[in-house]
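Read-outs throughout are calculated quantities, based only on the coordinates presented, and are distinct from any laboratory measurement. Please read these numbers as outputs of a predicted model, since none were measured by experiment. All Cβ positions, even for glycine, are placed from backbone atoms using ideal geometry, and neighbour counts span all protein chains on display.
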Amino acid sequence: MVAHDRQGSRRTTEVTRRALMVGAGAASIAGRAALAQAPAPVSAPQPDHTLRIAPISLEIAPGKTIKTTGYNGTVPGPLLRLREGKPAVINVINDAGYPDIVHWHGLYLPAIQDGATEEGSPIIPVGQSHTYSFTPKPTGTRWYHSHAMAMRDLSRSTYSGEFGFLIVEPAAGEPGHYDREVLLAARRWEGSWVSIQDLRKGPPPDNGLEVMYASATLGQRMLGHDEPIRVRRGERVLFRLLNASATMDVSLALPGHRFTVLALDGNPVPTQATVDILKLDVAERADVIVEMDNPGVWVFGSTDDMDRNMGMGAVIEYADEKGEPQWLGPPKLPWSYAKFARTAPAAEPDETVHLTFEKIPGGRGGYNRWTINGKSWPDTNPLFTVQEGKRYRLVLNNNSGDTHPVHTHRHTFEVTKVGNTSMSGLMKDTLSLVRRSTAEIDFIANDPGPTFFHCHHQDHMDEGFAGLITYT
Ligand SMILES: [Cu+2]
């Protein structure tokens, strides 16, 4: 959790200062690596930020320590606040112990800077560093995370602590009215491969291994083991929420309070609906305002009891209130993107592309594979080819029993249909495509270069659910 009031921002300042100190200490290593990797410009610009990926021991509750890797010794990594349009230089030192790469999720930037090897960004070898430079856009809540392959190793890439918030601030001032800003990332820990057949009766007999988790956090530590988020009656709190889990969605509620959704995936929504439950699939973000008008001590947590018992929650404490944090099960309302969109139909596409997603079951003890239109990465390429300036309607058909957060790199898309409900105006970079369902998204080809499209479940991506959109 990074919490601070708008003016003071004391805790953020501390994070930034620590990041700078790490940067100074690492400058000589970085300089050497940059020289070794020829393409650095003659006068390499000073980095604005330095991220060092290295092993870390995270105590998420007394006696519960997670050994993982993270950025600059913290999880989440340092909050990066970048200014729209102001070039940013970020030096990344890879002391993870394995080849690694950082992806800037939700930003518009050249493929070579995007941090996905599939698009041509370089992997960072063990012990070396790499400098990313780009001009941050668009404004909003973005994030950064490892984009390495993990395959069967549940300590790597998005299974690790390698993630952090990245906020692109508008060039001119900050809109919105709130008294306090709180950043919370949802996260599962201690994953292991399990046969679903061992957990419950009557599973598909041919299903392969799935990742199950033993602990979870919303913020830095497990529910009940972190400092409470302290608020005052009458405050308007802006929560920036992110599901940084490698493979599972989360539904969040704060009993006695409601969420007014300002933005999804960092992009302002056309309709600012107020809801009781927020559902965030992997990689999705929500910026919400909560009116603090119900004094008490509350659990802000997962609506799933097992998930909350594993630690997925944070305590909200009003000034002068004491006692055990209270949880009340919220009404079970279906989550719907349509609430935040316009009902008017979207613009007509220039072309339509059909993408069907299916599982090849791995069998008991094996690993499931994934296909798009019958093929797995890299045989999916090119997924389809676009012409700059055109609008492509992607008709997504999830012919599997799993929900998939499908993600486009370097582009946002417009959600135009979910099931039978048409809509417009909702811009996202990740869409939760519910099991056995269809949806349509409009991809506007406005940034030439290879563009990675994949499921954001680490295991699904690693096992073939990916393809490249290419420009002619
Ligand atoms: Cu998936």
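By the rule of a C-alpha distance below 16 Å, with chain neighbours fewer than 8 residues away ignored, the aspartates and glutamates paired with Lys64 are Glu190, Asp226. Taking amide H atoms as placed 1.01 Å from N in the peptide plane, the amide H of Tyr367 lies under 5 Å from those of Leu209, each 5 or more residues away in sequence or on another chain. Within the chain, DSSP assigns beta bridges of which about 75% are antiparallel (rounded to the nearest 5). Stokes-Einstein diffusion for the chain at 4 °C, viscosity 1.567 mPa s, with a Kirkwood radius from C-alpha pairs, works out to 57 µm²/s. Over segment 69-129, the reciprocal of the mean inverse Cα-Cα separation, the Kirkwood hydrodynamic radius, stands at 12.8 Å. Of Tyr392, Ile360, Cys455, which is farthest on the positive side of the dipole of segment 344-472, counting Cα position, with +1 on Lys and Arg Cβ, -1 on Asp and Glu Cβ, and the Cα centre as origin? Checked the options; the winner is Ile360.
Sorting Arg391, Arg156, Arg83 by the number of Cβ atoms found within 10 Å of their own Cβ, with the fewest placed first, yields Arg83, Arg391, Arg156. Per residue, the average separation of C-alpha pairs within less than 8 Å and at least 6 apart gives the chain a relative contact order of 13 percent.
Packing, taken as the mean count of other beta carbons within 10 Å per residue, orders the peptides 291-298, 73-80, 124-131 from highest to lowest as 73-80, 124-131, 291-298. Note that segment 220-225 has calculated 3J(HN,Hα) couplings of 8, 10, 5, 3, x, 10 Hz, one per residue in order, obtained from phi through the Karplus relation 6.51 cos²θ - 1.76 cosθ + 1.60 (θ = phi - 60°); glycine and proline are x. The distance from the alpha carbon centre of segment 114-144 to that of segment 247-315 is 29 Å, rounded to a whole number. Database remark: amide H of Arg285 closer than 5 angstrom to the amide H of Asp265, Gly266 (H placed geometrically; neighbours at sequence offset of 5 or more, or on other chains; Pro and chain starts carry no H). In terms of the mean number of neighbouring beta-carbon atoms within 10 Å, the peptides 396-402, 106-112, 324-330 order highest first as 106-112, 396-402, 324-330. Tell me, what ³J(HN,Hα) does each residue in segment 354-369 have, in order and in whole Hz, if you take phi through Karplus 6.51 cos²θ - 1.76 cosθ + 1.60 with θ = phi - 60° and put x for Gly and Pro? Per-residue couplings from phi come out as 9, 10, 10, 10, 9, 9, 9, x, x, x, 3, x, x, 10, 5, 10 Hz. Nearest 0.05, what FRET efficiency do Glu351 and Ser376 give at R0 = 30 Å with Cβ-Cβ as r? About 0.80, to the nearest 0.05.
Once both labels are positioned 7 Å from their Cα atoms along Cα-to-Cβ, the gap between Ala61 and Val297 label points is 1.7 nm.
Each residue of segment 275-289 was assigned a 3J(HN,Hα) from its phi angle through the Karplus curve 6.51 cos²θ - 1.76 cosθ + 1.60 (θ = phi - 60°); the sequence is 9, 8, 10, 10, 9, 10, 7, 3, 6, 6, 10, 9, 9, 10, 9 Hz, with glycine and proline shown as x. Here the chain is assigned +1 on the Cβ of each Lys and Arg and -1 on the Cβ of each Asp and Glu. Its dipole about the Cα centre then comes out at about 400 debye.
Charge dipole of segment 351-471 (Cα centre as origin; +1 on each Lys and Arg Cβ, -1 on each Asp and Glu Cβ, all else neutral): 300 debye, rounded to the nearest 20. Close amide-amide hydrogen proximity is noted between Tyr71 and Gly77, Phe163, each under 5 Å apart and 5 or more residues distant or on a separate chain (H modeled in the peptide plane; Pro and chain starts excluded).
For the pair Gln387 and Ser195, label points projected 7 Å from Cα toward Cβ lie 5.4 nm apart. Under 24 Å of direct C-alpha separation, and excluding same-chain neighbours fewer than eight residues apart, Lys417 reaches these lysines: Lys279, Lys332, Lys339, Lys359, Lys390, Lys428. For the pair Thr421 and Asp206, the difference between a 0.36 nm per residue extended length and the Cα-Cα distance amounts to 74.0 nm.
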